[in-house]
Every structure is written in structure tokens, then in C-alpha cells.
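Inspection log for the structure reproduced underneath, given as C-alpha cells.
The values are calculated or read from the model by the stated rules, or taken from the named source; none is laboratory data. In this text the structure is predicted, and so the values were computed from the model without any measurement. No Cβ is skipped: glycine too gets one built from the backbone with ideal geometry, and neighbour counts run over all protein chains shown. Surface accessibility is based on the protein's heavy atoms, side chains included, excluding ligands, DNA and RNA. Shrake-Rupley method; radii C 1.70, N 1.55, O 1.52, S 1.80 Å.
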Amino acid sequence: MRTRRRRSAMWALLVIVGSVLPMAWWLATSRAQTASHPGELAQPSRRPIRITMEALHNHGGVPPGWQFTLPEGDPVAGREVFVAVQCYTCHTIAGEEFPPVKLAERAPAPDLTGVGALHPAAYLAEAILNPSAVVVEGPGYADADGFSNMPNFAEWPADAPQLPS
């Protein structure tokens, strides 16, 4: 049992590091552009927060104004993960070519065209890591129990598509 738990934890870590972060970054940057430099990808411009450990503890363990930000990603790796995990079997992205999926086999899921311009990368990462954190109302987004139709990648099955190396 301990080995199974350890294996599940390792899969979850591999999914997060190997797929979720690059995929969320790819989704966030594949269509997002800065207004001042058309054609260039938007990059976060944040200075490091400097704080003493005592002040950090006095503010509940995080600096005032702190927000989680994703590290810089690799759009090629993100796209490879999108294909390897077969996200295209449910999601569509206008202008992108993926292996064909029969309409009858396509599960209902949001079209991801332009999501990078609509949502911050951290929101997209949470939508992948914890799909039921926010469930969009409307047909096709939730199951009969009210949870997201999106698979939970924390329990990565052994027969699932393998991540690119």
C-alpha cells in the first residue's frame, strides 16, 4: 500500500512538473501578446520580494501582496504534453492541428482558443490540477454530481498516455 501511495505521489509530481506547468504556460502564452510589442509573448516583470523570516511569519507565512506565479515555460514542451495527454480529444484550439477525433467520441469541454488572453496562467494551472475548484455552469462542463468533467490527473492511471521525455 505504501508503494502504491508513493507511486501515486510520484505520478502527481511528474504530472505537475512535466505537463501542467508547461501546458498552462503554453495555453497562457500561445495567444497572449503585449500591446507594446505585437508578436512577442507577454512576460511577467516582477521584482523579488525581500522580507525577513520574522515578518514573513507575522504575515501568515507569505509576504503581503504575494501571488503564486508560474515559472517561465516552454511552448513546444507544453504542446507536446497537450498531445501526449490527448487533451485534444476533448478540447479544441482554432488554428492548431491535432490528431483527428470523431465527433461522436469528443467529450464536451471548453474550446481553448485564446484562453491565454482571458485567464492568468495560475488559473489555467489550477483548472488542470484541480478541475473542480471552479466549475463553469452550463451543459457539458459538469457531471451528474456537479463536479468538473475534466479528468483528475492526481490519479494518473498506468495505462494512460506517457509524457514526452
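Details
- Residues that are in contact (Cβ under 8 Å) with a residue 40 or more places away in the chain and either of a type in the set (D, E, K, R) or touching a Ser or Thr at 6+ places or on another chain (Cβ under 7 Å) (or both), drawn from region 114-135: Gly116, Ala122
- If you filter region 104-121 down to residues that are under 16 Å from Pro75 (Cα atoms) and assigned to a helix (DSSP H, G or I), you find that the one that is nearest to the chain's Cα centre (by Cα) is Ala121.
One line per residue, one yes/no per condition, for (1) touching a Lys or Arg at 6+ places or on another chain (Cβ under 8 Å); (2) under 18 Å from Pro131 (Cα atoms):
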site: Ala77; (1), (2): no, no
site: Val81; (1), (2): no, yes
site: Gln86; (1), (2): no, yes
site: Cys90; (1), (2): yes, yes
site: Ala104; (1), (2): no, no
site: Val115; (1), (2): yes, yes
site: Leu118; (1), (2): no, yes
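- Filtered residue count, region 105-122, keeping only those that are open to solvent by 30 Å² or more (accessible area, probe 1.4 Å) and either of a type in the set (Val, Ile, Thr) or at pLDDT below 90 (or both): 9
- Unique residue being modelled with pLDDT under 90 and either open to solvent by less than 70 Å² (accessible area, probe 1.4 Å) or touching an Asp or Glu at 6+ places or on another chain (Cβ under 8 Å) (or both) when the list is Val17, Val85, Val101: Val85
- Residues in region 54-80 that are open to solvent by less than 90 Å² (accessible area, probe 1.4 Å) and assigned to a loop (DSSP other than H, G, I, E, B): 11 in all.
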